[in-house]
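> Here's a structure for you.
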Amino acid sequence: MKNTLILFIIFMTSTTATFAQISDRELVENTLTNYMEGGKNNDFTTLKKAFHNTATMKFIGDQYTEVNALEFFEEKMIKGTVIDRTNRIHDISISGNAASARLELEYPTFTYIDYMSLLKIEGEWKIVSKIFSKREKQN
């Protein structure tokens, strides 16, 4: 019985230590995954977890445009529709409480390249800014 108790204590200590050591990289990846999967599945609730409320999105369409990211996505999403695309985190760079990431969202005929700026705010990584470009696929 004593050996069982000792093994249980060792197990719980190692398990707790493992859970406590989630790296900032993993936390940033989780935030980016919420963005990518929320967008792919038109799930605003999941996507919203990734962004700070005042996050901006800037892009060049016909002209330079700057919008609140959450307002933009909430307006554009079509609930219940799954988008045919492949999501990929290309690169993450972290320095203290700031991070940047490059993502590739590959659709059948084009790819969006997203550049995300993230900050660790009250212990949570949030996207605070997004810029992107669209690359057409060559046939």
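> Out of (1) surrounded by 15 or more Cβ atoms within 10 Å (Cβ to Cβ); (2) assigned to a loop (DSSP other than H, G, I, E, B); (3) not basic (Lys, Arg), what's the single condition that is false for ILE131?
(2)
> Closer than 21 Å to SER133 by Cα, modelled with pLDDT of 95 or more, not in a loop (DSSP other than H, G, I, E, B) and not aromatic (Phe, Trp, Tyr): which single residue out of LEU27, LEU32 fits that description?
After ruling out the rest, the residue left standing is LEU32.
> Hey, another quick one. Among the residues of region 99-128, which ones are crowded, with 16+ Cβ neighbours inside 10 Å, in contact with a His (Cβ under 9 Å, 6 or more places away or on another chain) and either part of a loop (DSSP other than H, G, I, E, B) or among the β-branched types (Val, Ile, Thr) (or both)?
If the condition is that a residue be crowded, with 16+ Cβ neighbours inside 10 Å, in contact with a His (Cβ under 9 Å, 6 or more places away or on another chain) and either part of a loop (DSSP other than H, G, I, E, B) or among the β-branched types (Val, Ile, Thr) (or both), then ILE127, VAL128 are the ones that fit.
The values are calculated or read from the model by the stated rules, or taken from the named source; none is laboratory data. Treat the numbers as computed from the prediction; the structure is a model and nothing was measured. Ideal geometry is used to build each Cβ from the backbone, glycine not excepted, and the neighbour counts take in all protein chains shown.
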